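The values are calculated or read from the model by the stated rules, or taken from the named source; none is laboratory data. These numbers were taken from a predicted model, which means no experiment stands behind them. Backbone-built Cβ (ideal geometry, glycine too); neighbour counts: all protein chains shown.
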């Protein structure tokens, strides 16, 4: 066999290389710099890398029209890294979205004023909770600056996940984004046992999901004789023996990806992990993981298994309905803000899956309607800003035990801090899909896409679930503005630093602008085109 020298398209892969390279430099900082001098270099490196990668992504997107993909491929872009990475319109859009959310994540990670001069991350992760070692680390003000390279590695995996051109690259990306998150979830400074329990649950369930994904990849390879999405698509359209092998492979691959997006019945980890993880991690994970995983799911289903649409569609119908109904119903009975937002996230996963079931071709749509890809991309944009902003606000409401997430502590918040309560209210209204917010336009885009595909029954379920969701959003708004504080006092609002304040303001502005003037972003989403096939 003749050796073929691998070739990399460095210019087009520059955002990935910048983020992963900065993560490696961050590891060197941890090894070479004294512990008390690491924080500022790590924060500066992380922000510089993410901003540089965002600029590089914009440049790649501007030059994307010059590429026409591989021979016989549809769509604009290119297949690089010897077929392992696909850089097309949806990839570039998702990269930009992920990098913006990651910058917000770094800002929340770097917040120190809320905890009295230290970060929300434990000072000594190896110390047992409640021991003298842990108390000594807390007294000395120690903190784990390893969280910044871990975040960058997770972002690198998220960037690679929706850009994967074959199943093996997608599996590697899945692990690269997941393993740092497992660690980050267990590093909370307060409520250490709850945080460690969340990390353990996430790790164990995530390991099972990865196993399902890998087994599904093996079955699909057995059917198609290829792990590349183009090769699988060709084999599916050509047909062949062992069709049951293909269906089993699709099912197992879907389990791995549906776990990452938090869809029912694979959502069991979501409320516990969202509640136990440091809230800064929850904010970043809630937005970033959803964007990356839905990008990967769309590419897998549309590119590799587009010819088998009638086989996987019924499965997504069931999963979408279960996610919407279960998420909305269980969110109603919660009494913890983070758990309520977690079950709300499950319901939003169902709404996004409704969009996945929509029409894929723009030629089949009437004027003013959007394809399933365009609807899902816009919904992910609105959802990400609302979730990061919501969890950033959650970090501000505190009592003697730290973050006050129980509903009792939020009673009367509108009187104590109308600005904070008003910001949280606006994010809740957006997630509820109220007009003049970004969430309304997002839901309209995915629902009309599904309606155009004839999936009106699932749209009716989505509308009913949205109505149920309004009840628990409005219930919390009523709690903040029209309920008296608990007799022993509610949670107080701590003044944040510029980092958290800017994050909340940017998310508020994005949620408002995308709801009032969504045209430019909708045009950008439309301009991204389709996946390279």
Listed by first then second residue, the pairs whose first member lies in region 196-211 and is on the phi < 0 side of the Ramachandran plot and touching a residue at least 24 places away in the same chain (Cβ under 8 Å), whose partner is assigned to a helix (DSSP H, G or I) and surrounded by fewer than 17 Cβ atoms within 10 Å (Cβ to Cβ), with beta carbons under 6 Å and at least 6 positions apart or on separate chains, are none
Quick check on residue 421: is it closer than 26 Å to residue 324 by Cβ and touching a helix residue (DSSP H, G or I) at 6+ places or on another chain (Cβ under 7 Å)? no
Selection from region 470-498 of residues more than 22 Å from residue 437 (Cα to Cα) and surrounded by 21 or more Cβ atoms within 10 Å (Cβ to Cβ) yields 490, 491, 496
Residue 83 vs (1) under 25 Å from residue 281 (Cβ atoms); (2) assigned to a loop (DSSP other than H, G, I, E, B): all pass except (1)
- Query: Do we have any residue at all in region 37-58 that's modelled with pLDDT under 90, touching a strand residue (DSSP E or B) at 6+ places or on another chain (Cβ under 9 Å) and farther than 25 Å from residue 227 by Cβ?
  - Reply: no
The residue from 395, 405, 349, 371 that alone is at pLDDT 95 or above and either over 18 Å from residue 455 (Cα atoms) or in contact with a helix residue (DSSP H, G or I) (Cβ under 8 Å, 6 or more places away or on another chain) (or both) is 349
Here is a check on your reading of the model: is residue 102 loosely packed, with under 14 Cβ neighbours inside 10 Å and either at pLDDT 90 or above or not in a helix (DSSP H, G or I) (or both)? no
Those residues of region 5-49 which are touching a residue at least 12 places away in the same chain (Cβ under 8 Å) and not in a helix (DSSP H, G or I) amount to 6, 7, 8, 9, 11, 12, 13, 38
Taking region 406-456 and keeping residues assigned to a loop (DSSP other than H, G, I, E, B), in contact (Cβ under 8 Å) with a residue 60 or more places away in the chain, within 25 Å of the chain's Cα centre (by Cα) and surrounded by fewer than 23 Cβ atoms within 10 Å (Cβ to Cβ) leaves 435, 436
In region 192-208, anything touching a helix residue (DSSP H, G or I) at 6+ places or on another chain (Cβ under 6 Å), within 19 Å of residue 254 (Cα to Cα) and surrounded by fewer than 21 Cβ atoms within 10 Å (Cβ to Cβ) is listed as 203, 205
Practice problem: Consider residue 234 carefully, then state whether it is farther than 22 Å from residue 314 by Cβ and either in contact with a strand residue (DSSP E or B) (Cβ under 8 Å, 6 or more places away or on another chain) or touching a residue at least 24 places away in the same chain (Cβ under 8 Å) (or both). | Solution: no
Of the conditions (1) part of a helix (DSSP H, G or I); (2) more than 26 Å from residue 233 (Cα to Cα), the single one that residue 159 does not satisfy is (2)
ask   = Right, residue 517: surrounded by fewer than 18 Cβ atoms within 10 Å (Cβ to Cβ), touching a residue at least 40 places away in the same chain (Cβ under 8 Å) and either more than 26 Å from residue 297 (Cα to Cα) or over 23 Å from the mean Cα position of the chain (by Cα) (or both) or not?
value = no
- Flag if residue 322 is at pLDDT 95 or above, within 21 Å of the chain's Cα centre (by Cα) and either closer than 30 Å to residue 476 by Cα or in a loop (DSSP other than H, G, I, E, B) (or both): yes
Here is a check on your reading of the model: is residue 168 more than 16 Å from the chain's Cα centre (by Cα), surrounded by fewer than 17 Cβ atoms within 10 Å (Cβ to Cβ), in contact (Cβ under 8 Å) with a residue 12 or more places away in the chain and under 26 Å from residue 297 (Cα atoms)? yes
Please determine whether any residue of region 489-504 is more than 23 Å from the chain's Cα centre (by Cα), farther than 19 Å from residue 390 by Cα and assigned to a helix (DSSP H, G or I). no
When restricted to 445, 510, 464, 453, the only residue more than 30 Å from residue 113 (Cα to Cα) and touching a helix residue (DSSP H, G or I) at 6+ places or on another chain (Cβ under 7 Å) is 445
>> Looking at region 283-292, can you tell me whether even one residue there is free of Cβ contacts under 8 Å to residues at least 40 places away in the same chain and over 22 Å from residue 172 (Cα atoms)?
In response: no
Looking at residue 531, is it buried (at least 19 other Cβ atoms within 10 Å of the Cβ) and in a helix (DSSP H, G or I)?
-> no
